[in-house]
Number of protein chains: 2
Amino acid sequence: MNKNLQRMATMHRMQVKGLELFYRQGYYNTSIDDILKSLELSKGAFYHHFDSKEDFFISIVQNLIVQKVYALLIEPLERKGEPFTALIECFDNALLTAENNEMDHGFVLGNFMTEFNGRNPEIMKYLTDLYKVWEVNLVTALQRGKSDGFVDRHVDVEGVATYIISSYFGLRTLMVEGNARSLRYNYIQQLRGYCRTLRPKAAV
Amino acid sequence: MNKNLQRMATMHRMQVKGLELFYRQGYYNTSIDDILKSLELSKGAFYHHFDSKEDFFISIVQNLIVQKVYALLIEPLERKGEPFTALIECFDNALLTAENNEMDHGFVLGNFMTEFNGRNPEIMKYLTDLYKVWEVNLVTALQRGKSDGFVDRHVDVEGVATYIISSYFGLRTLMVEGNARSLRYNYIQQLRGYCRTLRPKAAV
DNA sequence: AATTTCACCGACCAAGTGGTCGGTCTTCCG
DNA sequence: CGGAAGACCGACCACTTGGTCGGTGAAATT
């Protein structure tokens, strides 16, 4: 096999498994040996490709998490038209994957932000940067919604964006055990109700 | 000094410092030696009072966190009258302490729920139990608000409770670096707006 | 065919980790 | 006063951690 392909393949395998274990067990609670054991690879292989555990994690953020957040949470907001429908659909999809115990990359971000906050500024920077991109895009979408008459002109779009993302991150914190389904349902109901109050008021 | 008092005092010192470090650095990222070093106490002292690191943490939950959550987040809701004012005041206070880098015990709870989710069911149980008490009390307060005519009778009180707590937990995830002040302001504004939409509609 | 490159191996290391245990010294109680 | 109780000490243990390094064998280059 082509050596470069080989290299990429191995690195990718490590990153995918690494993300899975870091997400499930936490970064500090997951050793490199854990990852290597489940891949049947050696220490040598790992340090041949990555400088350190930290470097490894950053490569996961850049290669896996960033892409997913863009694809699943940011790009869908760029559609023209009424922004709330797209947003709610996004969230509903994400929560549905979470319900099936697959990885919900929106929350992967929130989860790691919690774990690294105040503990690893280097990694934290990559995470908050990604978060900010998401936030800015949400703000932009709302702003455009305002111009297009889908959002009331008195609405504070930044405040709304923060509030919406907050509620999403927080909900995922509560999504443990078998209560995911009803939480998702309740949450989407409330989010829908909240968004409805942001639409233009009938002329007075 | 009285032996029993001595015992209590030492245990309490360990718990307070333990909570501080576990909260700041994470449970898995904080060693018992870390705590003992900063208290100038020995391993022997620790294992004389506690069975294990896990047992120690549970004692912290029961002795420190439970009390604070009750005092700061649950009891204020039990007042008669319009529930939203009490709620918003609670949250504003909590966020203010967080802004000053003191411990906000509401978020201490959410933070640890994130850290232990899927990693330590034993500890998780204590945390989710406490969370449920909080939630139930919020639901009760909203229900009472409904009876007293402060909350619209069509409102789904459980959904609202979940949504409010979610938004709070999530906001705290975003409260990093120096942006706490504006986040708090924006958040309280939005929360206020959201609560307003839950009040009884004028008769049609 | 000879040589260089490089993906991967795995024994090894120092520095921790949670936890044990025999001991000391003060306080308490008969 | 004398002995038991118990708060606290700190050396020690087995094990895990992130990370190093000399090696091997197959593929790529010459």
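Observations
- Among the residues listed as A:99, A:78, A:89, the single one being at pLDDT 95 or above and farther than 17 Å from residue A:19 by Cβ: A:89
- Condition broken by residue A:107, with the remaining ones in (1) surrounded by fewer than 16 Cβ atoms within 10 Å (Cβ to Cβ); (2) part of a helix (DSSP H, G or I); (3) more than 12 Å from DNA strand D (Cβ to nearest atom) satisfied: (1)
- Out of A:136, A:176, A:160, one residue alone is assigned to a helix (DSSP H, G or I), among the aliphatic types (A, V, I, L, M) and free of Cβ contacts under 8 Å to residues at least 24 places away in the same chain. It is A:136.
- Verdict on residue B:192 being surrounded by fewer than 20 Cβ atoms within 10 Å (Cβ to Cβ), among the basic types (Lys, Arg) and away from chain A (no Cβ under 13 Å): no
- Going through (1) within 14 Å of DNA strand C (Cβ to nearest atom); (2) loosely packed, with under 12 Cβ neighbours inside 10 Å; (3) not in a loop (DSSP other than H, G, I, E, B) one by one, residue A:71 falls short only on (1).
- Test result for residue A:89, in the same structural domain as residue A:157 (by TED's automatic domain parsing), of a type in the set (D, E, K, R), crowded, with 21+ Cβ neighbours inside 10 Å and more than 22 Å from residue A:158 (Cβ to Cβ): no
- The one condition in (1) more than 14 Å from the chain's Cα centre (by Cα); (2) more than 27 Å from residue A:57 (Cβ to Cβ); (3) assigned to a helix (DSSP H, G or I); (4) touching a residue at least 40 places away in the same chain (Cβ under 8 Å) that residue A:150 fails to fulfil: (3)
- Of the residues making up the stretch B:151-204, those that are hydroxyl-bearing (Ser, Thr, Tyr) and at pLDDT below 95 are B:173, B:182.
- Single residue of B:77, B:138 found to be more than 16 Å from DNA strand D (Cβ to nearest atom), within 14 Å of chain A (Cβ to nearest Cβ) and aliphatic (A, V, I, L, M): B:138
- Flag for residue B:23 being away from DNA strand D (no atom under 16 Å from the Cβ), touching a residue at least 24 places away in the same chain (Cβ under 8 Å) and within 14 Å of chain A (Cβ to nearest Cβ): yes
- Residues of the stretch B:58-67 include at least one that is within 19 Å of the chain's Cα centre (by Cα), among the small types (Gly, Ala, Ser), within 18 Å of residue B:116 (Cβ to Cβ) and in the same structural domain as residue B:186 (by TED's automatic domain parsing).
- Given (1) within 30 Å of residue B:25 (Cβ to Cβ); (2) part of a loop (DSSP other than H, G, I, E, B); (3) touching a Leu at 6+ places or on another chain (Cβ under 7 Å), number of the condition residue B:130 does not satisfy: (2)
The values are calculated or read from the model by the stated rules, or taken from the named source; none is laboratory data. Please read all numbers here as calculations on a predicted model, not as lab measurements. Cβ atoms come from the backbone with ideal geometry, glycine included; neighbour counts cover every protein chain shown.
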